[in-house]
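The values are calculated or read from the model by the stated rules, or taken from the named source; none is laboratory data. No experiment lies behind these values; they were computed from the predicted model shown. All Cβ positions, glycine included, derive from the backbone under ideal geometry; neighbour counts span all protein chains shown.
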(Lines give C-alpha, C1' and ligand atoms only; values in the text may rest on other atoms or scores of the structure.)
Protein backbone atom coordinates (compact mmCIF):
# COMPACT_ATOMS: atom_id res chain seq x y z
CA UNK A 1 0.00 0.00 0.00
CA UNK A 2 1.31 3.43 -0.95
CA UNK A 3 1.96 5.69 2.06
CA UNK A 4 1.12 9.38 1.53
CA UNK A 5 2.06 12.11 3.99
CA UNK A 6 -0.26 15.14 3.80
CA UNK A 7 1.28 18.30 5.27
CA UNK A 8 -1.30 21.08 5.62
CA UNK A 9 -2.61 23.20 8.48
CA UNK A 10 -6.16 23.47 7.10
CA UNK A 11 -8.26 20.71 8.72
CA UNK A 12 -10.83 20.73 5.91
CA UNK A 13 -8.15 20.16 3.26
CA UNK A 14 -6.53 17.39 5.32
CA UNK A 15 -9.90 15.71 5.87
CA UNK A 16 -10.86 15.92 2.19
CA UNK A 17 -7.51 14.58 0.99
CA UNK A 18 -7.47 11.82 3.60
CA UNK A 19 -10.97 10.61 2.71
CA UNK A 20 -10.27 10.64 -1.02
CA UNK A 21 -6.85 8.99 -0.78
CA UNK A 22 -8.03 6.26 1.61
CA UNK A 23 -11.01 5.54 -0.64
CA UNK A 24 -8.44 4.72 -3.33
CA UNK A 25 -6.40 2.41 -1.07
CA UNK A 26 -3.66 4.84 -0.08
CA UNK A 27 -2.39 4.84 3.48
CA UNK A 28 -2.47 8.41 4.78
CA UNK A 29 -0.88 10.25 7.68
CA UNK A 30 -1.08 13.98 8.18
CA UNK A 31 0.98 16.72 9.80
CA UNK A 32 -0.24 20.23 10.52
CA UNK A 33 3.19 21.84 10.68
CA UNK A 34 6.69 21.53 9.25
CA UNK A 35 8.42 20.08 12.29
CA UNK A 36 5.89 17.26 12.62
CA UNK A 37 6.22 16.53 8.92
CA UNK A 38 10.00 16.29 9.10
CA UNK A 39 9.75 13.98 12.11
CA UNK A 40 7.37 11.65 10.24
CA UNK A 41 9.62 11.64 7.16
CA UNK A 42 12.57 10.68 9.36
CA UNK A 43 10.75 7.98 11.34
CA UNK A 44 8.73 6.43 8.53
CA UNK A 45 9.63 7.57 5.02
CA UNK A 46 6.49 8.09 2.92
CA UNK A 47 6.10 7.11 -0.71
CA UNK A 48 4.68 10.54 -1.60
CA UNK A 49 4.53 13.86 0.28
CA UNK A 50 1.76 16.39 -0.35
CA UNK A 51 3.09 19.69 1.01
CA UNK A 52 1.41 23.05 1.60
CA UNK A 53 3.77 26.03 1.53
CA UNK A 54 1.90 28.09 4.13
CA UNK A 55 2.60 26.28 7.39
CA UNK A 56 2.32 27.84 10.86
CA UNK A 57 5.85 27.13 12.10
CA UNK A 58 8.04 27.31 9.00
CA UNK A 59 7.82 27.96 5.29
CA UNK A 60 6.96 24.94 3.18
CA UNK A 61 9.96 25.58 0.91
CA UNK A 62 12.23 25.19 3.96
CA UNK A 63 10.49 21.91 4.78
CA UNK A 64 11.02 20.82 1.19
CA UNK A 65 14.73 21.66 1.32
CA UNK A 66 15.16 19.66 4.53
CA UNK A 67 13.33 16.68 3.00
CA UNK A 68 15.58 16.89 -0.07
CA UNK A 69 18.69 16.84 2.11
CA UNK A 70 17.93 13.24 3.06
CA UNK A 71 15.36 11.84 0.63
CA UNK A 72 14.29 11.56 -2.99
CA UNK A 73 10.62 10.98 -2.07
CA UNK A 74 8.28 12.59 -4.62
CA UNK A 75 6.87 15.86 -3.26
CA UNK A 76 3.72 17.46 -4.63
CA UNK A 77 3.26 21.04 -3.49
CA UNK A 78 -0.41 21.89 -2.91
CA UNK A 79 -0.63 25.60 -2.27
CA UNK A 80 -2.83 28.67 -2.56
CA UNK A 81 0.24 30.58 -3.76
CA UNK A 82 -0.29 31.08 -7.47
CA UNK A 83 2.52 33.50 -8.24
CA UNK A 84 5.01 32.21 -10.78
CA UNK A 85 7.94 33.07 -8.48
CA UNK A 86 6.53 30.82 -5.73
CA UNK A 87 6.12 27.95 -8.18
CA UNK A 88 9.65 28.39 -9.53
CA UNK A 89 11.13 28.55 -6.03
CA UNK A 90 9.35 25.35 -4.94
CA UNK A 91 10.27 23.47 -8.11
CA UNK A 92 13.88 24.64 -7.91
CA UNK A 93 14.00 23.52 -4.26
CA UNK A 94 13.08 20.00 -5.33
CA UNK A 95 9.30 19.75 -5.71
CA UNK A 96 8.24 17.18 -8.29
CA UNK A 97 4.90 18.84 -9.01
CA UNK A 98 2.92 21.97 -8.07
CA UNK A 99 -0.87 22.12 -7.74
CA UNK A 100 -2.68 25.35 -6.87
CA UNK A 101 -5.74 25.60 -4.62
CA UNK A 102 -8.55 25.30 -5.46
CA UNK A 103 -7.92 22.08 -7.35
CA UNK A 104 -9.83 19.26 -9.03
CA UNK A 105 -9.72 16.06 -7.00
CA UNK A 106 -9.48 13.73 -10.02
CA UNK A 107 -6.47 15.61 -11.42
CA UNK A 108 -4.84 15.76 -7.99
CA UNK A 109 -5.27 12.00 -7.47
CA UNK A 110 -3.80 11.33 -10.92
CA UNK A 111 -0.75 13.40 -9.94
CA UNK A 112 -0.37 11.40 -6.71
CA UNK A 113 -0.57 8.12 -8.66
CA UNK A 114 2.04 9.39 -11.13
CA UNK A 115 4.35 10.44 -8.28
CA UNK A 116 3.96 7.04 -6.63
CA UNK A 117 4.87 5.33 -9.92
CA UNK A 118 8.01 7.50 -10.19
CA UNK A 119 8.95 6.55 -6.63
CA UNK A 120 8.66 2.84 -7.47
CA UNK A 121 10.76 3.26 -10.61
CA UNK A 122 13.40 5.28 -8.72
CA UNK A 123 13.57 2.75 -5.89
CA UNK A 124 14.05 -0.09 -8.37
CA UNK A 125 16.79 1.80 -10.23
CA UNK A 126 18.80 2.60 -7.10
CA UNK A 127 20.11 -0.59 -5.51
CA UNK A 128 20.56 -1.17 -1.82
CA UNK A 129 23.48 -2.98 -0.23
CA UNK A 130 22.70 -5.69 2.29
CA UNK A 131 25.25 -7.39 4.51
CA UNK A 132 24.78 -9.57 7.58
CA UNK A 133 25.48 -6.51 9.76
CA UNK A 134 23.89 -3.53 7.98
CA UNK A 135 21.78 -2.30 5.06
CA UNK A 136 22.53 0.77 2.95
CA UNK A 137 19.33 2.09 1.35
CA UNK A 138 20.57 4.62 -1.21
CA UNK A 139 17.07 5.54 -2.45
CA UNK A 140 16.08 6.81 1.00
CA UNK A 141 19.52 7.88 2.24
CA UNK A 142 19.37 5.40 5.15
CA UNK A 143 21.79 3.05 6.81
CA UNK A 144 20.44 0.53 9.31
CA UNK A 145 22.21 -1.97 11.48
CA UNK A 146 21.01 -5.23 12.99
CA UNK A 147 21.25 -5.13 16.74
Exercise. Enumerate the pairs (first residue in region 86-107 and touching a residue at least 60 places away in the same chain (Cβ under 8 Å); second residue anywhere and part of a helix (DSSP H, G or I) and surrounded by 14 or more Cβ atoms within 10 Å (Cβ to Cβ)) with beta-carbon separation below 6 Å, excluding pairs fewer than 6 apart on the same chain, so at least 6 apart or on different chains.
Key: 105/20
Quiz prompt | Sole residue being within 17 Å of residue 59 (Cβ to Cβ) and assigned to a helix (DSSP H, G or I), chosen from 77, 88 | solution = 88
Quiz prompt | Residue in region 9-27 that is closer than 15 Å to residue 72 by Cα and surrounded by fewer than 16 Cβ atoms within 10 Å (Cβ to Cβ) present | solution = no
Practice problem: Looking at (1) in contact with a helix residue (DSSP H, G or I) (Cβ under 9 Å, 6 or more places away or on another chain); (2) surrounded by fewer than 16 Cβ atoms within 10 Å (Cβ to Cβ); (3) within 18 Å of residue 115 (Cβ to Cβ); (4) free of Cβ contacts under 8 Å to residues at least 40 places away in the same chain, find the lone condition where residue 57 falls short. | Solution: (3)
Quiz item: Somewhere in region 115-131, is a residue at pLDDT 85 or above, surrounded by 10 or more Cβ atoms within 10 Å (Cβ to Cβ) and closer than 24 Å to residue 83 by Cα?
Solution: yes
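Results for (1) touching a helix residue (DSSP H, G or I) at 6+ places or on another chain (Cβ under 6 Å); (2) at pLDDT below 95; (3) not in a helix (DSSP H, G or I), shown as yes or no for each residue.
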{"position": "4", "(1), (2), (3)": "yes, no, yes"}
{"position": "16", "(1), (2), (3)": "no, no, no"}
{"position": "22", "(1), (2), (3)": "no, no, no"}
{"position": "30", "(1), (2), (3)": "yes, no, yes"}
{"position": "38", "(1), (2), (3)": "yes, no, no"}
{"position": "49", "(1), (2), (3)": "no, no, yes"}
Self-check item: Residue check, residue 72 buried (at least 17 other Cβ atoms within 10 Å of the Cβ), out of contact with any strand residue (DSSP E or B) (no Cβ under 7 Å at 6 or more places or on another chain) and either in a strand (DSSP E or B) or modelled with pLDDT under 95 (or both)
Solution: yes
